[in-house]
Amino acid sequence: MPTILIAECKQESSSFNPLRSQYADFQIRQGDAVLALHAGVRSEVAGACSVFRADPDIRLIPTYSARSITSGGPVAAGAFERIACEFLDALRAAPPVDAVYFALHGAMEAEQEPDTEGYLLEQARAILGPRIPFVASLDLHGICTDRMLTQLDGLAIYHTYPHVDFFETGARAARVLLRILQGGRPVTAAVTIPALVRGDELITATGLLGSVVIREAEAIEASPGGLTAGIFIGNPFTDVPGLCSRTVVTTDGDRRRAEAEAIRLAEGFWKVRERLQAPLTPLNEAVRIAAETSGTVILTDAADATSSGAPGDSNAILRALQSRGYTKRALMPLVDPPAVQAAFAAGIGRRIETAVGGAIDPRRYTPLTITAQVRMLSDGRFRSESHGDTWNAGPTAVLESDGYTLVVCTRAVSLYDRSLFLAHGQDPAHFDAVVVKSPHCQERFFKAWAARVVNVDAPGATSANLKSLGHTRCMRPIFPLDPHVEFRPAARIFARA
């Protein structure tokens, strides 16, 4: 009876977010509670388990899960030390196993450990030994380091952005692991590409990334001997030494093919790199467009995208709307604990004067004083419409100030769908302007019905204007941070005995 251990540790970090992530920012589960956490949701672990459970001879050993409530700043040193200790202690306490499935992200950074996934895999290997196959599922925004690939026998990478294949990626990782247990001989080729990209052409259903890389990767995986293929485009906001883009191809024993395919994918990506950048609209121009457009205008504030690691406290678009005299109805999210406290102290229906914005990142945002009516108060717990997870924004208040409606949270949650708005009685379709703090959402959430979508050039920890961020640790030279970047594709081979 094959015995498979399951462990999970996931967060996407932004080095440019001044707020450090803490232990309390993670959902922690151990033992059977790990599987219970994923029951009924379309997560990677759920997808992997669906494959494993199809074989009645497989025994699952769930050990530990640490899942960030949303992306955030680098994990504080003490918090990561605690999570790592619990993660590794759970592996030590597990019975003997035949293989391990890890659900990871790839772009998690801790204060004193820039490659947290590499560290955890390295330590896990020291505990479980060199003969146990390791397979991981990873986000295509992950940063794939040599340290990680040295410990992994196989992996599966998301093939979609916006991400809708969590479940399917876990299932692909599980099938790779079963193939290894059946005698497969995985060999992995990885090609490092000195490029960081951010833009609409990364939408895999319609953009260049899908046609140039993802469809080709899927074809490799569907072919005889092709175990896994894909690309890590990295998270441009995780400024760590390993940050870059990277194609990865794993075949069943065919080193030459793995190398050739990884290089082919990388060359295709490099040829279109210039087109994989986001055109941005200046703030004042964005407000003008919103004022002159009939129907709902989506003002995309990707610079403060909490799902990319930003703190969520930007008031830049609110300030621009006010200063330009925008008089239509506008809806926007904001993270501001003091404003929420003021609303709770006053109560529903009362008017308050409070500062909003800049509560976490005052270097970028100056607090803006508004007079508002408290329309709703909640505990901030609600279900995601994307995959059914329970999200927790902490105490949350809905404030109305003239025509502006602010859904103000105590803590950041992912904003790549409408969940926060709908859970607090606000239908985006009923507003003239909606601030969406995510670079891309599933089309049905906003784009399919909005009159116009405007990508706003606002300040923030996750700005698509990558040159504005101030990278100091990633590999250099790298496109687009540096001019005249050269690329000579070469594959590095990873194959465990």
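The values are calculated or read from the model by the stated rules, or taken from the named source; none is laboratory data. Computed from a predicted model, the values in this text were never measured in an experiment. Cβ placement follows ideal geometry from the backbone for every residue including glycine, while neighbour counts extend to all protein chains displayed. The area values use the complete protein model at the heavy-atom level, side chains included, leaving out ligands, DNA and RNA. Shrake-Rupley method; radii C 1.70, N 1.55, O 1.52, S 1.80 Å.
From largest accessible area down, sort K467, K328, K271, K10; use a 1.4 Å probe on the protein chains. Walk me through the numbers on the way to the answer.
Numbers: K467 140, K328 60, K271 165, K10 30 Å².
Order by accessible area, largest first: K271, K467, K328, K10.
Which of the lysines could be linked to K447 by a straight reach, that is with a Cα gap under 19 Å, when you skip same-chain ones fewer than 8 residues away?
K437
Output the peptides 121-128, 257-264 sorted from most to least packed, where packing is the average of other Cβ atoms within 10 Å over each peptide's residues.
257-264, 121-128
With the dipole of region 375-457 worked out from charges on the C-beta (+1 for Lys and Arg, -1 for Asp and Glu) around the Cα centre, which of S401, V435, L415 lies farthest toward the positive end?
Value computed over the given set: L415.
Find out how many positive minus negative residues lie around I143, taking Lys and Arg as positive, Asp and Glu as negative, among other residues whose Cβ is under 14 Å from that of I143. Write out the running numbers ahead of the final one.
Values: positive: K10, R147, R246, R473; negative: E12, E109, E113, D115, E117, D139, D146, D239.
Taking every other residue near I143 into account, the sum is -4.
What is the sum of charges, Lys and Arg at +1 and Asp and Glu at -1, for the other residues whose Cβ falls under 10 Å from the Cβ of A156?
-2
Treating only the Cβ of Lys, Arg, Asp and Glu as charged (+1, +1, -1, -1), what charge dipole size does region 385-427 show about its Cα centre? Round to the nearest 20 debye.
On the way: 2 positive and 6 negative charges, 34 e Å.
The dipole magnitude comes to about 160 debye.
Report the equivalent ellipsoid semi-axes for region 417-459 in whole Å, largest first, defined as the square roots of five times the eigenvalues of the gyration tensor built from alpha carbon atoms.
17, 12, 11
Please give me the summed charge of the neighbours of F167: other residues whose Cβ is under 11 Å from its Cβ, Lys and Arg +1, Asp and Glu -1.
Net of charged neighbours comes to -1.
Keeping every protein chain in place, order R418, R492 by accessible area at 1.4 Å, biggest value first, i.e. largest first.
Details: R418 50, R492 120 Å².
In descending accessible area the options line up as R492, R418.
Which whole-Hz couplings ³J(HN,Hα) result when phi for each residue of region 92-109 is put into the Karplus expression 6.51 cos²θ - 1.76 cosθ + 1.60, θ = phi - 60°, listed in order with x for Gly and Pro?
Once rounded to whole Hz, the list reads 4, 7, 6, x, x, 10, 9, 6, 9, 10, 10, 9, 10, 9, x, 10, 8, 10.
Got the relative contact order for the chain handy, in percent, Cα pairs under 8 Å and 6 or more residues apart?
Relative contact order of the chain: 18 percent.
About its Cα centre, how strong a charge dipole does the chain have in debye, to the nearest 20, once Lys and Arg get +1 and Asp and Glu get -1 at the Cβ?
220 debye
Could you report the accessible area of R383 in Å², rounded to 10, computed with a 1.4 Å probe on the protein chains as they sit in the structure?
Solvent-accessible area, nearest 10 Å²: 150 Å².
Roughly how big is region 24-105's charge dipole about its Cα centre, with Cβ charges of +1 (Lys, Arg) and -1 (Asp, Glu), in debye to the nearest 20?
140 debye
How big is the gap, in Å, between the Cα center of region 124-193 and the Cα center of region 401-455?
34 Å
Which residue, chosen from P95, A107, A136, occupies the Cα position most advanced towards the positive end of the dipole of region 53-167, where the dipole is computed from +1 (Lys, Arg) and -1 (Asp, Glu) charges on Cβ about the Cα centre?
P95
Relative contact order, percent, of region 101-197 when contacts are C-alpha pairs under 8 Å separated by at least 6 residues?
27 percent
Which one, I478, A372, A33, is farthest towards the positive end of the dipole of the chain when Lys and Arg carry +1 and Asp and Glu -1 on their Cβ?
The one lying farthest along the dipole's positive direction is I478.
For the chain, give the percent of accessible area contributed by carbon and sulfur heavy atoms, probe 1.4 Å, rounded to a whole number.
Result for the chain: 49 percent of the exposed heavy-atom area is carbon or sulfur.
If contacts are Cα pairs under 8 angstrom and at least 6 residues apart, what is the relative contact order of region 353-497 in percent?
Here the relative contact order equals 12 percent.
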